[in-house]
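The values are calculated or read from the model by the stated rules, or taken from the named source; none is laboratory data. Keep in mind it's a predicted model, so treat the numbers as computed, not measured. Here Cβ is always computed from backbone atoms with ideal geometry, including for glycine, and neighbour counts include all displayed protein chains.
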């Protein structure tokens with residue numbers, strides 16, 4: 001999925017098309033869930049985002065950003081227990097990362113947990 005990684009501005013419609021092309025790709029599902037979270041905070045959109053993020057998390061549990069975004073979505077859906085579980089697992093996984101992508105998400109997730 002080079003277009004996402006290259007930083008090109010992508011619309012919600014384009015993310016939906018990517019998911020339609022390969023609905024089993026966890027990165028496409030993460031990207032769509034994140035885009036929904038960023039652009040539409042309605043309960044229906046947040047629930048759709050949660051579904052895509054849960055799929056991505058199940059298929060690619062090493063992708064740390066999924067925990068961070070899904071925790072935020074669950075909090076907005078007032079699913080605090082679920083958010084706590086997701087964030088705690090994200091923090092646990094970040095602790096296992098030496099240096100690299102996602103390491104910076106640990107403190108953010110710890111802060112979110114502290115607010116629960």
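Some notes on this structure:
- Selection within the range 24-39: residues that are surrounded by fewer than 17 Cβ atoms within 10 Å (Cβ to Cβ) and in contact (Cβ under 8 Å) with a residue 24 or more places away in the chain. The member of this set that is nearest to residue 77 (Cα to Cα) is 39.
- Residue satisfying all of: in the range 77-92; under 19 Å from residue 36 (Cα atoms) and within 13 Å of the chain's Cα centre (by Cα); surrounded by the most Cβ atoms within 10 Å (Cβ to Cβ) among these: 86
- From the options 102, 106, 71, 90, residue that is in a loop (DSSP other than H, G, I, E, B) and in contact with a helix residue (DSSP H, G or I) (Cβ under 7 Å, 6 or more places away or on another chain): 102
- Selection status of residue 47, modelled with pLDDT of 95 or more and over 12 Å from the mean Cα position of the chain (by Cα): yes
- Looking only at residues in the range 1-20 that are part of a loop (DSSP other than H, G, I, E, B) and loosely packed, with under 13 Cβ neighbours inside 10 Å, the one that is modelled with the lowest pLDDT is 6.
- Residue that is farthest from residue 67 (Cα to Cα), among those in the range 21-35 that are in a helix (DSSP H, G or I) and over 10 Å from the mean Cα position of the chain (by Cα): 21
- Selection of first residues in the range 100-115 that are closer than 11 Å to residue 68 by Cβ and of second residues that are outside any helix (DSSP H, G or I) and modelled with pLDDT of 90 or more, restricted to Cβ pairs under 9 Å at least 6 apart or on distinct chains, gives the following pairs, ordered by first then second residue: 102/62; 102/63.
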